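Peer 1: I have a structure I would like to understand better, so I am pasting it below and will then ask my questions one at a time.
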Amino acid sequence: MKELAQVRDAVVSALQAAGLEALAAFPADRAKRYGGAVAAVAVGAVEGKAMGFCNYLGERYDETAGTVRELYGRQLEGDIAVEIRAERAADCEAGCETASGVLLGGLPEGIRPGELRWEGLAWEKSTGMFLRRGTLRCRAVFVAQAREDGETFLNFILKGVMTD
């Protein structure tokens, strides 16, 4: 599902912009390649909901094309899983603090945060690193416009994310 990758990539980009090394979920042993804390991001359980009637939200004037296009929406509710790993406990805690700030107030407008939960700091014997796991319950909103022919519509894009 392309929408899940958009949510994951938006969270990874927001964490990186805040100065925390972040990647899409990866095998735990790769965390040792980084000097400080590193976050692994994945999208967990998700359920989709239609917005409007059959995803139809109304019409929108397209200034570029000078035409009116139909607008559609989709909503996903789910969990974003974040694992912070570091060789030092202090680095792991600092990474957790940075991630908390981003997850609750620094994501694109299309991701609306809900409850954030962190497990306690733990030693991960298999990697020899400290680990802190967190889960953000959130809602992601996607929009799509109909093509000029009105017959088909473009891919759903996470609201608030710029595209090429």
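Peer 1: Which whole-number value in Å² is the accessible area per residue of the stretch 63-143, probe 1.4 Å?
Peer 2: Solvent-accessible surface per residue comes out at 49 Å².
Peer 1: Taking amide hydrogens as modeled 1.01 Å from N in the peptide plane, which residues meet the under 5 Å criterion relative to ALA24, leaving out close sequence neighbours?
Peer 2: The answer is VAL41.
Peer 1: Follow-up question, since we're still on this one. Search the structure for amide H atoms under 5 Å from the amide H of THR127, placed 1.01 Å from N in the peptide plane, and list their residues when 5 or more places away or on another chain.
Peer 2: none
Peer 1: OK, next. What residues have an amide H closer than 5 Å to that of GLU59, excluding those fewer than 5 places away on the same chain, when H is modeled at 1.01 Å from N in the peptide plane?
Peer 2: Under 5 Å from the amide H of GLU59: LEU71.
Peer 1: To continue, here is another question. Using the Karplus curve 6.51 cos²θ - 1.76 cosθ + 1.60 with θ = phi - 60°, what ³J(HN,Hα) values do you get for each residue of the stretch 83-89, in whole Hz, with x for Gly and Pro?
Peer 2: In residue order, the calculated couplings are 10, 9, 10, 7, 6, 10, 4 Hz.
Peer 1: Another question about this same structure. How many percent of the alpha carbon pairs in the stretch 89-132 exceed a separation of 16 Å?
Peer 2: More than 16 Å apart: 46 percent of the Cα pairs in the stretch 89-132.
The values are calculated or read from the model by the stated rules, or taken from the named source; none is laboratory data. Not measured: the values here are computed from a predicted model. We work out accessible area using only protein heavy atoms, side chains counted, and drop any ligands, DNA or RNA first. Shrake-Rupley method; radii C 1.70, N 1.55, O 1.52, S 1.80 Å.
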